[in-house]
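Q: Okay, handing you the structure first.
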Amino acid sequence: MKVFNNNEAKRIEVLDERFYKSKIEDKYYPSVTTILEAYYKGYGFNEWLKQVGYNADEIMRKAGEQGTNVHNMIEAYLQGFKISWIDENNRPRYTLNEWQMFCKFIEFFEKYKPELMVQEFTLVSDKLRFGGTVDFIGKINGEIWLLDWKTSN
């Protein structure tokens, strides 16, 4: 089995942008997310912004929060923790939508049975000059897959 080692990976955050330290040079490269934030999102996104107007920031904040919650549930599940929708006071810990997304992940996981090799692994490319964190690297049917958990369309 290949051993993944990213002890040298260093990440800094400036406002909402992330940068990863080069392994070879004394330079920092932008994260994939930082690059995509600057990338033109197209006509459909601009039309959506016009339709929702001032609510766009709140909608995107909630979507980000939802994505983080689902991501944290998946990560905890993969670490062997029991995930429960209801807390000890019989109140939901997550929104119904978040719980449904987590259940979709469980369906995927039970169907394909990926073998975890590493999770939350930082990669930096000096050739391509960017970095990022991979959610999951594992084997499915003997093939190595790199997976990133997403809750958006």
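Q: Scanning region 36-86 for residues that are acidic (Asp, Glu) and touching a residue at least 12 places away in the same chain (Cβ under 8 Å), which turns out farthest from MET101 (Cα to Cα)?
A: Looking at residues that are acidic (Asp, Glu) and touching a residue at least 12 places away in the same chain (Cβ under 8 Å), I get GLU37.
Q: Can you name the number of the only condition in (1) surrounded by 12 or more Cβ atoms within 10 Å (Cβ to Cβ); (2) under 26 Å from ARG18 (Cβ atoms) that GLU58 fails?
A: Looking at each condition in turn, GLU58 falls short on (1).
Q: Please go through region 1-19 and give me each residue that is among the aliphatic types (A, V, I, L, M), surrounded by fewer than 10 Cβ atoms within 10 Å (Cβ to Cβ) and modelled with pLDDT under 75, ordered by number.
A: MET1, VAL3
Q: Now a separate question. Suppose we keep only residues that are assigned to a loop (DSSP other than H, G, I, E, B) and open to solvent by less than 100 Å² (accessible area, probe 1.4 Å) within region 80-97. Which one would you say is farthest from TRP149 (Cα to Cα)? Spell out the reasoning first.
A: The first filter runs over region 80-97 and keeps only residues assigned to a loop (DSSP other than H, G, I, E, B), leaving 80-85, 87-91, 93-95.
Imposing the further condition that a residue be open to solvent by less than 100 Å² (accessible area, probe 1.4 Å) reduces the set to 80, 83-85, 87, 89, 94-95.
On the way: GLY80: 17, ILE83: 17, SER84: 19, TRP85: 19, ASP87: 24, ASN89: 29, TYR94: 17, THR95: 18 Å.
Once the filter is applied, the top-ranked residue is ASN89.
Q: Can I ask one more? Here is a list: ALA63, ALA76, ALA56. Which entry is in contact with a helix residue (DSSP H, G or I) (Cβ under 9 Å, 6 or more places away or on another chain) and in a helix (DSSP H, G or I)?
A: Being in contact with a helix residue (DSSP H, G or I) (Cβ under 9 Å, 6 or more places away or on another chain) and in a helix (DSSP H, G or I) holds for just one of ALA63, ALA76, ALA56, which is ALA56.
The values are calculated or read from the model by the stated rules, or taken from the named source; none is laboratory data. This one's a predicted model, so the numbers in the text were calculated from it and none came from an experiment. Positions of Cβ are backbone-derived with ideal geometry, glycine not excepted, and every protein chain shown enters the neighbour counts. In case anyone asks, the SASA skips ligands and DNA or RNA and just uses the protein heavy atoms, side chains included. Shrake-Rupley method; radii C 1.70, N 1.55, O 1.52, S 1.80 Å.
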